[in-house]
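Chemist: One structure follows; several queries about it will come next.
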Amino acid sequence: MAASALTLLRLTDDERAVLGELQRRVFASRPKDIKHERYYQGRQRLALLGIAVPPELAGFETVVNWPRVGVDEIEHRMDVRAFVRPGNDKADEELREAAEANNLDSEFPLLHRQTLKLGRGFASVSTNPDDKDMPHITVESSREIAVTVDTRTRTITAALRLYKSDGAFVMFNRATLYLPNTTLWLETGGPGGWKVVDRDDHNLGRVAIVIYLNRREIGDWLGESEMTDLMPITDAAARSLTNLQLAQETHAVPPRYVLGITKGDFVDKDGKQLPAWEAYYDRFMATANKDAKIGQLDQADLSNFHDTVMFYGKLASSVSGLPTRYFGDNPANPATEGAIRADESRLIKNTERKMSDAGSQHGLLMALWLRFKTGEWVDGNRVSTLWYDAGTPTFSQRADALQKLAGGKPLISREGAWDELGWSEARKDRERGYFEAEDQDPQITAANRKLAELAAPPVVP
């Protein structure tokens with residue numbers, strides 16, 4: 001018995017080989033991931049752009065954070081509404097409870113943002129030791145995970161997560177190795193550098209982790225950052241803004257000149273010598289030297305810097321699909337609802353494409369959750385994901401559309417109208433409760449019947 005337990009806490013030769021390959025992949029992706037994180041946070045420095053900035057001018061460095069705009073404006077529109085099982089057309093109550101128990105309303109935005117930012121995202125499912133009927137769904141850090149994929153079946157064959165315990169001073173000291181039938185938790189130490197501290201032989205037949213890819217290509221399992229096209233334009237704009245900062249200090253103040261005068265002539269009313277900068281910035285300059293000539297040149301025109309930055313903003317708009325107003329080109333008059341929708345057409349379509357990719361992976365994630373809970377896979381191993389509208393809708397726009405659809409007659413049902421308004425399942429349940437309460441109140445029922453009679457069209461004999 002003891003020997004069997006000892007065997008379970010050791011890595012096999014095959015497991016050790018898989019771990020070594022995945023560990024190499026985690027380290028190989030780190031430089032690019034760190035670069036993307038810096039651009040998203042607006043912390044890339046001009047030194048990284050190949051510009052030698054003297055230390056005394058470091059305070060003039062200015063970085064415009066357009067990469068964050070390119071990521072966040074898409075992520076803000078990717079809101080999951082509900083999940084539907086195969087063969088059904090209504091939101092699944094059990095999956096809604098799973099989403100609420102695992103805080104997916106707040107976790108999915110993190111997953112979407114990470115996928116857009118780094119090109120890939122991951123979420124895992126694991127057994128909940130405190131409640132077996134409510135397995136854990138966890139959004140993982142893309143910078144800590146690497147996977148191997150069977151290109152024939154397009155399924156993950158193994159995954160590794162490297163991380164560190166709270167308070168540790170090393171890059172990582174713990175790991176989780178995901179295999180098709182087993183999940184192992186490891187710590188540094190032991191033979192080969194790792195020892196097994198826990199093991200879950202779940203026998204799923206597949207790795208308990210789901211990968212999300214941005215700008216997915218056939219045969220590519222790394223994805224591409226949504227910021228790729230924006231980063232070089234951001235660098236160019238940063239150069240212009242830094243030059244603008246320097247120009248403001250050196251050329252924005254009108255230059256003055258004084259001819260036929262010496263330094264000793266700059267004195268105050270008591271005859272004391274004036275400091276050079278005080279004499280330069282003094283509004284009035286006077287001297288008793290009758291041969292002195294004092295004048296002022298025009299200040300430099302900095303509009304070329306403004307125009308250049310706005311030009312870069314238009315380039316950023318063209319490659320990202322975001323409206324130019326997202327990059328500082330704001331018109332004087334606010335746009336109408338229709339104009340906003342037209343202006344965002346590329347952004348909306350781009351977001352819908354990403355929702356389609358992410359939705360299929362969300363479906364796999366929820367199917368995996370059901371497998372952990374029930375021990376069986378759902379039919380077709382698929383769960384559909386319903387999303388809220390990726391556009392910029394307004395209440396009046398939706399209400400007007402519904403009224404036109406109705407045409408004075410009940411063209412769509414009450415529940416259908418709720419779906420068009422984008423109400424959540426919780427909101428619809430609350431409204432159903434209100435209707436049930438009204439039906440049980442005789443006074444409200446009589447009043448509703450009277451209103452229906454008044455609203456009914458007259459009977460033509």
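Chemist: Using label points projected 7 Å from each Cα along Cα→Cβ, tell me how many nm separate Lys272 and Ser303, to one decimal.
Modeler: It works out to 4.5 nm between the two label points.
Chemist: Can I ask one more? Taking the beta-carbon count within 10 Å as an exposure proxy, list Tyr326, Tyr40 from fewest neighbours to most.
Modeler: Tyr326, Tyr40
Chemist: Further question: Each label point is 7 Å from the Cα along the Cα-to-Cβ direction; what then is the distance between the points at Glu97 and Gln245, in nm?
Modeler: In this crude label model, Glu97 to Gln245 measures out at 5.5 nm.
Chemist: I would also like to ask the following. With the crude spin-label approximation of a point 7 Å out along Cα→Cβ, what separation in nm comes out for Asp429 versus Asp389?
Modeler: The answer from the label model is 2.6 nm.
Chemist: What FRET efficiency comes out for Glu436 versus Glu217 if R0 is 56 angstrom and r is the Cβ-Cβ distance? Round to the nearest 0.05.
Modeler: Computed FRET efficiency for Glu436 and Glu217 comes out at 0.65.
Chemist: Sticking with this one: If each residue's Cβ is checked for other Cβ atoms within 10 Å, how do Leu364, Leu160, Leu184 rank with the fewest at the top?
Modeler: With the sparsest Cβ surroundings first, the list reads Leu364, Leu184, Leu160.
Chemist: Determine which aspartates and glutamates satisfy two conditions relative to Lys32: a Cα distance under 17 Å, and not lying fewer than 8 residues away in the same chain.
Modeler: Glu144, Asp220, Glu224, Glu226, Asp229, Asp235
Chemist: Here's something else I'd like to know. Take the residue pairs Lys35/Lys373; Lys195/Lys354; Lys35/Lys349 and return only those whose Cα atoms are more than 30 Å apart.
Modeler: Lys35/Lys373; Lys195/Lys354
Chemist: In what sequence do Met134, Met355 fall when counting other Cβ within 10 Å, fewest first?
Modeler: Taking fewest neighbouring Cβ atoms as first place, the list is Met134, Met355.
Only the coordinates and a few stated rules stand behind these numbers; no lab work does. Treat the numbers as computed from the prediction; the structure is a model and nothing was measured. Please note: Cβ atoms are built from the backbone with ideal geometry, for glycine as well, and neighbour counts cover all protein chains shown.
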